[in-house]
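The structure appears below as structure tokens.
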Amino acid sequence: MMSFSTDSKSSFNILVIDGSCEITNMLMRVLFCTGHCAKAFNNPIDALALLEQRPDEFDAIITDDFLNNTEMEMMGKVLIEALLEKSKLPILVWSTQIDTLKAVISDTSLLSFLHKPQDLKNIFAWLGNIKNTVIYKEDSAPIYQLIYASKVSDKLCEQDLMDILYTSRKFNKLENISGALIYHNHCFLQVIEGGEQAVKTLFNDHILSDTRHKEVIVLYQGVVDKRDFRYWTMGFFGHCYNEEYALLGLTDFDTHPAGQFFKAKLTEQQKSLWGDF
């Protein structure tokens, strides 16, 4: 199975634009399984409309140039220049015709280029080099950290996990909360950190009432010296032996920052409740 680097300690919301549903679906799942979240469009006009309406929703853009798709109203130079005009985000052009596109764009200094499809793995190296746009306010008060475990509901699917990550990253960015979520053996293990009131409100008003999990157990809560996941609005590691979740095995729990954190933080008794770490 192909594996990807998880060196980055940042999670990004990424706008993906590609004419192929197969490619956008694949990128969404792989980005999700390597700690990021993506929103995909097969029509660039729709993507540009969302970017104009909600410019602060994304951290990076991955796009095809649509030069092979003559049915599109917007492609090539026109598309790339429209993206540059509407956003100052890092833009990666993943294309089969890089040289053709570069020849007609006057300034490529704000763009990165990778060859499609052979440079798929390099997309994650590119993401690892992006400066995180999540700038947490200077922590003037002590950081409150809460760790809990729960069992997932019987009907939880991969789309539910993607929805959980997308919603939590958006909410946490607004509330100055950071953290990480692990999905393993039909259980959740999550850490959230930030101001005490914000963390408690998130946990009591939202997490406890979420029907996508049950039997919630708090493993730790209290004040800590610093954030452990400062640049993760919600990092993610997932693994399941069910074939439906095969892509969740893309990350290595032993080297993943979230895995290292939980191994050090939890007691041996708490780890045993969770199975093999």
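Quick grid of which residues meet (1) in contact (Cβ under 8 Å) with a residue 40 or more places away in the chain; (2) in a helix (DSSP H, G or I):
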| site | (1), (2) |
| --- | --- |
| Ala149 | yes, no |
| Gln159 | no, yes |
| Asp163 | no, yes |
| Lys170 | yes, yes |
| Ile182 | yes, no |
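Going through the stretch 31-69 one residue at a time, which ones are under 18 Å from Pro90 (Cα atoms), in contact with a Gly (Cβ under 6 Å, 6 or more places away or on another chain) and either surrounded by fewer than 21 Cβ atoms within 10 Å (Cβ to Cβ) or not assigned by TED's automatic domain parsing to the domain that holds Cys21 (or both)?
Across the stretch 31-69, there are no qualifying residues.
Kindly indicate whether Leu189 is under 17 Å from Arg227 (Cβ atoms) and modelled with pLDDT under 95.
Here the answer is no, as Leu189 does not meet what is asked.
One residue is enough: does the stretch 236-254 have a residue meeting the conditions modelled with pLDDT of 75 or more, closer than 24 Å to Asp139 by Cβ and either touching a helix residue (DSSP H, G or I) at 6+ places or on another chain (Cβ under 6 Å) or not β-branched (Val, Ile, Thr) (or both)?
yes
Identify the single condition in (1) farther than 15 Å from Leu120 by Cα; (2) touching a Gly at 6+ places or on another chain (Cβ under 9 Å) that Leu83 does not satisfy, given that it satisfies every other one.
Checking Leu83 against (1) farther than 15 Å from Leu120 by Cα; (2) touching a Gly at 6+ places or on another chain (Cβ under 9 Å), the one that fails is (2).
Is it fair to say Ser112 is without any contact (Cβ under 8 Å) to a residue 60 or more places away in the chain, under 25 Å from Glu81 (Cα atoms) and not in a loop (DSSP other than H, G, I, E, B)?
yes
The values are calculated or read from the model by the stated rules, or taken from the named source; none is laboratory data. Source: prediction; values computed, not measured. So basically every Cβ, Gly included, is an ideal-geometry build from the backbone, and we count neighbours across all protein chains shown.
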